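Notes follow the structure.
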């Protein structure tokens, strides 16, 4: 099997990897913020239900969550059948939303009370204070920890193979099974490295862009 | 009826009674200095006036309008927003918005109030924005920062930041401007520029309440002085009365200590 | 054991279900749009089980598994890629003995085969969760598996092969010499049963891998001294030109003869009966032998040879 044949086959897997990455990121970033509002809610039931939910999701392996979401409904005889990739995406979005929500929460709580009060005495509404004053400061503070999570997400996509979604690593494993050649398994590392290099570059760029002020 | 009337303000945090019945009034154009040791309740009083805390009981009115009355049902957020605009507040820690430049720090609130949520044509919006910008530049000029409009707060000294904060508080043109220990967070050599700006504002006929530890400033600038201790007004009068001939023992001992460690 | 796992799982699902409303919402958005792209690449040759969300209710309506399959119009067959059973040729098309056999049976039954790649260790999960309808991939009949699935008639002989590095081939004339070495197997495979059932292997260290290819990798890298995998897979994988060509299948160690059959959900007697009848027809027509010959398996054929 030639280098190009292998590359072509792996590229298919890489497509799935990118799809999982992209959709998870796009959905988790806003959903995480909603979960943050839940966990910071002044209404105790909402606050505690959200906190317990986040605890369960962060306290169990993503791999288990994928298996549960995909096989669970069928094993309970529910009339719901999720396509494999959909199950993976649901698990990833829920999982990463919870992780992102905790980063958001840390960022929001790190903003001093004085910033809110300054907005209040200037007659701003709560929404204006959040979006005009707090949010940008939060974003600046969370870019580094978010960067870490995002790079982790790139590699976590390989967990999708537990329910046989043919992402990058699974694609390489299939080549071993069928062709008996091993090197593609290590070649996939190059795909991950290139992609995370690109992300690192973008994240550094964002960080630099926001460094026009300190504090 | 006086310009500002404060009646019977009580405020507790849990079991701690911080304000135990505060009554005083002010006339338009007056400068009132509130002095007292830490924990005497002077900052809490200022925060009550600015609606950052809600008094347990009491009444606040400005120019005949009752802004707060504990007998009325709790005010909605929108009501509070309108009421608190009679006051401006300059914080001890400045609390400038670090992501905006100096001009934007001053013009942000007027922009939000005058443009957001209103049906305006593009040219109208542009016109209002220009007015706000011009006014903000003028205010920054009065505090002596016309050359810093495009700088970010982190590029300024503490004294300059506090002067921006004063301009920001003036931008919404409040009836009464309040200062919460405006020089306490500053290095000694920077307090002068801030106090000078406050002094200059007085000549422009501003009504101001200044919570301060600067006894010389209180004595030299204020028309009236309140000395607070243990949540009550221990002494009230002109600077000459309070500093020159204090009636209360507590005031005397406080002033002695303050003069030893200014 | 299995029941306990299931009850834990049920508990966990309920837990997630209770708290999961928020997340579920976004999930269902994702659902429709990406469905097909993912499903296709998961199994390249065929289509995915999930393509059809509107499967009729089959819990209480008195509907049998066979009705369920017919209503779907698709028979979802769980496979893994392995030579010569189910694998992709150079153009990416799914071929192999089982592939062609499945297609031939489905033609007789009048249903569409839908090949779904699965993780072999989770095949019982897949059946019970109805994400597949059959396991049809060189599935060895064992007593243990009979507790969890219903088997068709056996159609192919198999044995488990012991694979070692070629230079070590002389060391192991019988299993007696393998008593204290490390042996890799695929978890839940017939190879694992060999270790359990052979007294001589009681003292060895067993390593359970996710797939047969991983067991081969263990031997090649020296992590394990030997592996026990399906004979047909072993022969194909260690052939000239592969990375495993330096491994050797020990011809002198013959593990118990086994048989391959098709696995269905327990209780799905109707489907199995129909499949058995179709197999008999194919055997009588000589079609089964024809396919077996194509993949060099005619010697191992149990019926129609």
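Laboratory data are not the source of any read-out in this text; all were calculated from the coordinates shown. None of these values were measured; they are calculated from a predicted model. Positions of Cβ are generated from backbone atoms using ideal geometry, with glycine treated the same way; all protein chains shown enter the neighbour counts.
Structure data summary
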| read-out | value |
| --- | --- |
| Distance cut-off 18 Å, percentage of C-alpha pairs in segment B:159-258 lying past it | 49 percent |
| Spherically averaged projected area of the protein assembly as shown from its Cα convex hull (nm²) | 45.9 nm² |
| Difference of contour (0.36 nm per residue) and Cα-Cα distance, residue B:146 to residue B:205 | 19.0 nm |
| Counting all C-alpha pairs of segment C:186-237, share separated by more than 19 Å (%) | 20 percent |
| Mean Cβ count within 10 Å, highest first, over the residues of peptides B:11-17, C:231-237 | C:231-237, B:11-17 |
| Unit Cα scatterers, Debye sum, segment B:4-260: log10 I(q)/I(0) for q = 0.13, 0.15, 0.17 Å⁻¹ | -0.87, -1.13, -1.36 |
| Efficiency of FRET between residue B:8 and residue B:238 - r from beta-carbon atoms, R0 25 angstrom, step 0.05 | 0.55 |
| Distance between modelled label sites at residue C:273 and residue C:143, nm, 7 Å Cα→Cβ extension | 2.9 nm |
| Ranked packing of A:30-43, C:151-164, C:129-142, most packed first, by mean Cβ within 10 Å | C:129-142, C:151-164, A:30-43 |
| Taking N as its residue count, the alpha carbon Rg of segment B:99-197 over 2.2 N^0.38 Å | 1.16 |
| Label point distance in nm, residue B:155-residue A:127, each placed 7 Å from Cα along Cα→Cβ | 3.4 nm |
| Label-point separation, residue C:89 to residue C:280 (7 Å along Cα→Cβ), nm | 3.3 nm |
| Calculated FRET efficiency for the pair residue C:168/residue B:230, C-beta based, R₀ 56 Å, to 0.05 | 0.05 |
| Calculated FRET value between residue A:5 and residue B:78, using beta carbons and R₀ = 60 Å, to 0.05 | 0.35 |
| For residues of C:209-217, the mean tally of beta carbons on other chains within 10 Å | 3 |
| Taking all pairs of distinct alpha-carbon atoms in segment C:68-141, Kirkwood radius in angstrom | 12.6 Å |
| Other protein chain Cβ atoms within 10 Å, averaged over every residue that makes up A:121-133 | 6 |
| Cα centroid separation, segment B:208-225 to segment B:46-87 (Å) | 24 Å |
| Fraction of the pair-distance distribution of segment A:25-94 above 15 Å, Cα-Cα pairs, percent | 61 percent |
| Alpha carbon convex hull of segment C:71-191, volume per residue in cubic angstrom | 147 Å³ |
| Taking all pairs of distinct alpha-carbon atoms in segment B:119-174, Kirkwood radius in angstrom | 12.2 Å |
| Net lengthening on full extension, residue A:80/residue A:186 (0.36 nm per residue, minus Cα-Cα) | 34.4 nm |
| Ellipsoid semi-axes in whole angstrom, largest first, where each is sqrt(5λ) of the Cα gyration tensor of segment C:159-257 | 18, 14, 13 |
| Chain lengthening between residue C:206 and residue C:112 when straightened (0.36 nm per residue, less Cα-Cα) | 29.8 nm |
| DSSP-defined beta bridges in the protein assembly as shown - what % are antiparallel, rounded to 5 | 60 percent |
| Residue mean of other protein chain beta carbons inside 10 Å, C:129-140 | 3 |
| Alpha carbon convex hull of segment A:3-212, projected area averaged over orientations, nm² | 14.8 nm² |
| Fraction of beta bridges assigned by DSSP in segment B:4-260 that are antiparallel (%, nearest 5) | 55 percent |
| Mean Cβ count within 10 Å, highest first, over the residues of peptides B:181-191, C:74-84 | C:74-84, B:181-191 |
| Global form of segment C:201-300, assessed from the alpha-carbon gyration tensor, a/c cut-off 1.5 | prolate |
